[in-house]
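Okay, structure first, notes after.
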Amino acid sequence: MDDRDALAAVWPLFGLSVRTPRVVLRYPTDSDLLALAALSGDIHAADYLPFQGTWSKLPDGERQQTVLQYHWGRRGGWSTVAWRLELVVLVEDEVVGTQAVHGDDFAITRTVTTGSWLGRAHQGKGIGTEMRSASLHLAFAGLGADRAETDAYEDNSPSLGVTAKLGYQPNGDQIAVADGQRRRTVRFVLDRADWEATRRGDIEVSGVEACRPLFGLGAAEGDAVT
C-alpha cells in the first residue's frame with residue numbers, strides 16, 4: 001500500500017484533498033491510478049468520443065498503460081508556471097473518475113481550466129456536477145482564482161449540463177478535428193463574482209497550505225477551508 005503521509009512529507013500534493021457531502025477529490029497514489037486505469041474501459045458509448053484524443057478506445061492493456069503514463073507524466077512535468085493537477089474522484093472510498101484543474105502562469109492570470117471523466121456506471125447520478133463544484137471550490141477558495149474556463153464538444157450533453165448548472169457564461173467556440181472528424185468545441189467561463197453568488201458552504205479543502213509554493217503562490221492566498 002502507498003504511504004500517503006510519507007509521500008506528502010516530500011511532495012505535499014499527496015496531502016491535498018477536497019471533500020463534499022458526496023465525493024472526495026484527492027491527489028492520486030499509484031494504487032488510486034490502478035483503480036482509475038481499471039475503470040477506463042467503460043467511459044462512453046462505442047460510437048461516441050467525448051475527448052480530443054482516442055486513448056479511451058485503445059485495447060485492454062494498452063489503454064491502462066496509457067492512463068498510468070499520462071498521470072505519471074503530469075507528476076513529473078509539474079511546474080509552478082504550468083501546473084496540471086489531476087485528482088481522482090471517490091464515492092464511498094471507491095474511485096469513480098478523475099477531475100483535472102490546470103493553470104498556466106496562475107500567479108498572474110488567476111485562471112484555471114478544468115476537465116474530467118467519470119465511469120459510465122457512475123454517470124447520471126449528479127456526481128459530475130458535484131466533482132466540478134469541488135474543483136471550483138479548490139480553485140476559487142483554496143487557490144484564490146478569479147476565473148475558471150471549460151469547454152466541451154457541442155454534442156456532449158452531460159458536460160454541457162454540468163456547465164450550465166454551475167453558472168458559466170458562453171466564451172466562444174472552435175472547430176477542430178478529432179478522430180478524423182470535424183468537431184465544434186464550445187467554450188465557457190465562470191468568474192469569481194458568479195461563483196461567489198452560488199458559493200457552497202459544505203465543501204472543505206485540506207492540505208492546500210503546504211502546496212502553495214507548488215502553485216507559485218504565497219502563504220496567504222485563498223481561504224483554503226470554506
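To make sure I understand, if each residue's beta carbon is the centre and we count other beta carbons within 10 Å, what order do 27, 70 fall in, fewest to most?
Sorted ascending by nearby Cβ count, the order is 70, 27.
Across all Cα atoms of segment 121-188, the radius of gyration (one decimal) and Dmax (whole number) stand at 13.5, 40 Å.
Assuming charge only on the beta carbon of Lys and Arg (+1) and of Asp and Glu (-1), the dipole of segment 117-226 about its Cα centre is about 360 debye to the nearest 20. Using Cβ point charges alone (K and R +1, D and E -1), the dipole size of segment 42-143 about the Cα centre works out to roughly 260 debye. Average projection, convex hull of the Cα set of segment 98-226: 8.7 square nanometres.
Computed from the alpha carbon atoms alone, the convex hull of segment 4-215 holds 122 Å³ per residue. For a modelled paramagnetic label at residue 42, 7 Å from Cα along Cα-to-Cβ, the residues of segment 114-143 in reach, with backbone nitrogen under 14 Å, are 118-124. Debye-formula intensities of segment 1-116, expressed as log10 I(q)/I(0) at q = 0.10, 0.15, 0.18 Å⁻¹, are -0.32, -0.73, -1.04 (one equal scatterer per alpha-carbon, no solvent).
Bear in mind that the values in this text are calculations on the coordinates, not laboratory data. Source: prediction; values computed, not measured. Glycine also receives a Cβ, built like all others from the backbone with ideal geometry; neighbour counts cover every protein chain displayed.
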